[in-house]
Amino acid sequence: MKFQSTTFLVLGSAISILLQACGGTPRTTESSLSDANKLAALKILQALNPATEATTTTSVEINWSAGTLPWDRYTLPVISPNGLHAAVQLGKPPSLRSMTGTDNSPIHSTTIELHLLDPLHGRKIAPLHIDRVGLILSRMANDQYVLVESPNGAQGRWIGQIDWATGTVTWLVADEYINAFPTMNAIGDLAWSRRNQSVDRFHLVLKTSTGEQSIDDGKSDWIMPMFLGVDRLRVFRITDGQLSLVELDLLARNPLLTAISIPIIAKDATRNIAWQIATTNPTPPWHDTHAFYHPMQNRMVIWQPNNSIEIVPLAFGSVAAAPVSDGTWLVATDDRIVRQQLGEEDGIHIRNSLAIPVATTSNQWTHLMLIPQGSRLQVLAINLSQ
């Protein structure tokens, strides 16, 4: 998730602006906004300012400090599934054109730091600085590595992994293509979007222990894939200005023949808007479900393709959500955190200010919450298993 403006309370209304900017709104006859206005709406959506006066309401849950992280006020850190590692991207953030793989010019403004979190005692531990500059932090990490991208101009866009323990960068994909948006499952399978330098359209690539497979319908722009468990892949697809979320069964010989989809935006969808929706919510790739921000419903929703109730809405105005092992969700709006049962309109009030919840695999700290405080993020640990 990305934030880059200066006002915190504008976040909720900015999502409404994004809804109008996305096009296809069922209750309006207004014409579509220009790309410039859409991008302006996205920038407002990214707004977040420190919540220095935040207080916490009483609940049965207990949270405690797990440390603090530096923050460029734009790029959220990537957390390992066990909740013990965090990668942060510092320096001047890349442009949206660079983040979406539209512009592949080399970047010289970013640096990556690796931080060891301490959910037990909250101790401050010196970070590990990565020597190579110009890397883009992906949204994917496991307990051994965090994935990054390296735009190299005519030499392609590479995908690498950084070892949490040593900071060593190992290149997983290094060729002349533009390779972006990597995701990895629990058994090490890698999926990403790839395009030719001369063709501005991404297709999917799946790399497993048995080989490499291209997934493409020959016309769509396939971006931001994410694993659900080990054998399903969800990916955002843009076709003729329409944006859909597509789920593929990777056990099939031809995953495209298993594709099921849900429409999100009916017209005027762009890669920038799809990227913003896809990165709004930190998604644990090891989990078998996920929530995403739906601009037409102005909230996070859960897509259940095989259930009688296909779309389950979360709290109105929600911008992030993390799954809990008992089937509830930790849901964030611009001014509170609630623990919500599916099918209910509201939930147990956890906090009365915005925090970004991140699910972990730990039984001691089931979730982390990221709270902005100026140029730093406070990290709280919380145990929802009790």
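Any read-out appearing in this document is the output of simple, stated calculations on the displayed coordinates, not a laboratory observation. Nothing here was measured: the structure is a model prediction, and the numbers come from that model. Positions of Cβ are generated from backbone atoms using ideal geometry, with glycine treated the same way; all protein chains shown enter the neighbour counts.
Put +1 on the Cβ of every Lys and Arg and -1 on every Asp and Glu Cβ in the stretch 75-144; which of Leu128, Gln89, Leu114 then has its Cα farthest towards the positive end of the dipole?
Gln89
Please list 3J(HN,Hα) in residue order for the stretch 70-84, calculated via the Karplus relation 6.51 cos²θ - 1.76 cosθ + 1.60 where θ = phi - 60°; whole Hz, with x for glycine and proline.
Listing the rounded values in order: x, 8, 8, 6, 9, 10, 5, x, 9, 10, 5, x, 6, x, 9 Hz.
Where a ≥ b ≥ c are the square roots of the eigenvalues of the C-alpha gyration tensor, would you call the stretch 226-283 rounded, which needs a/c under 1.5, or, failing that, prolate if a/b is larger than b/c, or oblate?
In terms of gyration-tensor shape, oblate.
Classify the stretch 255-302 from the C-alpha gyration tensor, please: rounded if a/c falls under 1.5, else prolate or oblate depending on whether a/b exceeds b/c. Each step should come with its number before you reach the end.
Numbers: a/c = 1.64, a/b = 1.11, b/c = 1.47.
In terms of gyration-tensor shape, oblate.
Have a look at Pro284, Ile311, Ala269 and report the one farthest towards the positive end of the charge dipole of the stretch 241-318, computed about the Cα centre with Cβ charges (Lys/Arg +1, Asp/Glu -1).
So the residue furthest toward the plus end is Ala269.
When a footprinting reagent is the concern and you count Cβ atoms within 10 Å, what order do Arg132, Arg234 take, fewest first? Could the numbers behind the result be given before it?
Working: Arg132 14, Arg234 24.
Ascending number of Cβ neighbours within 10 Å: Arg132, Arg234.
Along the charge dipole of the stretch 119-259, Cβ charges K/R +1 and D/E -1, which of Ala191, Leu204, Thr166 sits furthest on the positive end?
Thr166
Please go through the stretch 244-311 and write out the trypsin sites (Lys or Arg not before Pro) that DSSP classes as loop and that have at most 10 other C-beta atoms within 10 Å.
Hits after loop and neighbour filter: Arg253.
By count of other Cβ within 10 Å, fewest leading, how are Val78, Val358 ordered?
So the residues, fewest neighbours to most, are Val78, Val358.
Based only on other Cβ atoms within 10 Å, what is the fewest-to-most ordering of His203, His129, His367?
Ranking His203, His129, His367 by Cβ neighbours within 10 Å, fewest first, gives His129, His203, His367.
Between rounded, prolate and oblate, where does the stretch 293-362 land on the alpha carbon gyration tensor, with a ≥ b ≥ c its root eigenvalues, rounded for a/c under 1.5, else prolate if a/b exceeds b/c?
oblate
Taking the simple approach of a point 7 Å from Cα along Cα-to-Cβ for both Thr258 and Glu212, what is their distance in nm?
Going by the 7 Å Cα→Cβ label model, 2.2 nm.
Taking the Cα centre as origin and putting +1 on Lys and Arg beta-carbons and -1 on Asp and Glu beta-carbons, what dipole magnitude results for the stretch 117-255, to the nearest 20 debye? Walk me through the numbers on the way to the answer.
On the way: 14 positive and 17 negative charges, 47 e Å.
Around 220 debye, computed over the stretch 117-255.
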